[in-house]
């Protein structure tokens, strides 16, 4: 039984997309007879963490969840990429999965050269690595490992999802279109929602001010999403959930290329980016076919990736 140390566990963020990614990692490790002996959390350094260092010494392999790690010259890119040389010195295989790689600089490319394997979420990231003389394979985002509830609208109102990109005022979009507005985050009391002020089509600009009780898992959130006629998403993982479930969507372009790159990989290009003042149109048969083909291909790639990381 292989012992696996997993780094950048993003579940403490209480974000449904992060939960789905980490569940995919844990499920695939367990399905191949492995056991995770460490979940090292997002935002914490590893080089001065005695528990993390001891787990790497014990582990048969190290796996890094690449969410939000390899963009430009962010400090987290240096933090997680430096695990490659550390593991190489220990003689331990080290793998980076589920990463978007964009404009990495400094010591990061040299650190990545020490990794045993790198899998990225889009072909642009693979091309970025290739241009640096590094090898990376495209899998797509790990949320596609899960088969989410299919689109069956029972609610009348469309839905707007929040955004971490401060350029996008998703509350203003929700107010202008008369749509409900929620975050892709949750607490013990349920899904975080933004409530309209009394008698005004205005949404609070700060933290979510309400809760929708009972929606505390990514599966329940996916079912909540699938019941809506369409979604306007400022979140990458909101887009992944919509594509997975066949939900009509409009997506916001973000400060990194992960949304645009995934749409290109699917074959949708810019046709499904949000147009101001317009609600998303129903998906055409050709779009649904492209989305279904993409999901099936990504699921095959994810299985092949874990087969190589944890061969039977």
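The values are calculated or read from the model by the stated rules, or taken from the named source; none is laboratory data. Quick caveat: nothing in here was measured; it's all calculated off a predicted structure. Neighbour counts run over all protein chains shown; Cβ positions are idealised from the backbone, glycine included.
Take the residues of the stretch 3-31 that are over 27 Å from residue 312 (Cβ atoms) and in contact (Cβ under 8 Å) with a residue 40 or more places away in the chain: which is surrounded by the most Cβ atoms within 10 Å (Cβ to Cβ)?
Kept after step one, since they are over 27 Å from residue 312 (Cβ atoms), are these residues of the stretch 3-31: 10-19.
Retained after the next criterion (residues that are in contact (Cβ under 8 Å) with a residue 40 or more places away in the chain): 10, 13-19.
On the way: 10: 20, 13: 17, 14: 16, 15: 22, 16: 29, 17: 24, 18: 24, 19: 22.
Ranking the qualifying residues of the stretch 3-31, first place goes to 16.
Specify which of the listed residues (186, 181) is in contact with a helix residue (DSSP H, G or I) (Cβ under 6 Å, 6 or more places away or on another chain), at pLDDT 85 or above and part of a strand (DSSP E or B).
Working: 186 fails: in contact with a helix residue (DSSP H, G or I) (Cβ under 6 Å, 6 or more places away or on another chain).
Of the residues listed, the single one that is in contact with a helix residue (DSSP H, G or I) (Cβ under 6 Å, 6 or more places away or on another chain), at pLDDT 85 or above and part of a strand (DSSP E or B) is 181.
Conditions (1) free of Cβ contacts under 8 Å to residues at least 12 places away in the same chain; (2) surrounded by fewer than 22 Cβ atoms within 10 Å (Cβ to Cβ), marked per residue:
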| position | (1), (2) |
| --- | --- |
| 235 | no, no |
| 240 | no, no |
| 277 | no, yes |
| 296 | yes, yes |
| 308 | no, yes |
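Can you tell which of 268, 273 is at pLDDT 95 or above, surrounded by fewer than 18 Cβ atoms within 10 Å (Cβ to Cβ), in the same structural domain as residue 169 (by TED's automatic domain parsing) and under 19 Å from residue 124 (Cα atoms)? Don't jump to the end; show me each part of the working.
Working: 268 fails: surrounded by fewer than 18 Cβ atoms within 10 Å (Cβ to Cβ).
Matching residue, one of 268, 273: 273.
Identify, please: which residue in the stretch 32-56 is out of contact with any helix residue (DSSP H, G or I) (no Cβ under 7 Å at 6 or more places or on another chain) and in contact (Cβ under 8 Å) with a residue 24 or more places away in the chain and is, among those, nearest to residue 85 (Cα to Cα)?
Of all residues in the stretch 32-56, those out of contact with any helix residue (DSSP H, G or I) (no Cβ under 7 Å at 6 or more places or on another chain) come to 33-35, 39, 43-44, 47-55.
Next cut, in contact (Cβ under 8 Å) with a residue 24 or more places away in the chain only: 33-35, 39, 43, 47, 52, 55.
Details: 33: 27, 34: 23, 35: 23, 39: 20, 43: 20, 47: 12, 52: 15, 55: 16 Å.
Among those that are out of contact with any helix residue (DSSP H, G or I) (no Cβ under 7 Å at 6 or more places or on another chain) and in contact (Cβ under 8 Å) with a residue 24 or more places away in the chain, it is 47.
Quick check on residue 157: is it surrounded by fewer than 19 Cβ atoms within 10 Å (Cβ to Cβ) and under 24 Å from residue 296 (Cα atoms)?
Values: surrounded by fewer than 19 Cβ atoms within 10 Å (Cβ to Cβ): yes; under 24 Å from residue 296 (Cα atoms): no.
In short, no.
Please determine whether any residue of the stretch 65-78 is touching a strand residue (DSSP E or B) at 6+ places or on another chain (Cβ under 7 Å), within 18 Å of residue 303 (Cα to Cα) and assigned by TED's automatic domain parsing to the domain that holds residue 115.
Yes - at least one qualifying residue is present in the stretch 65-78.
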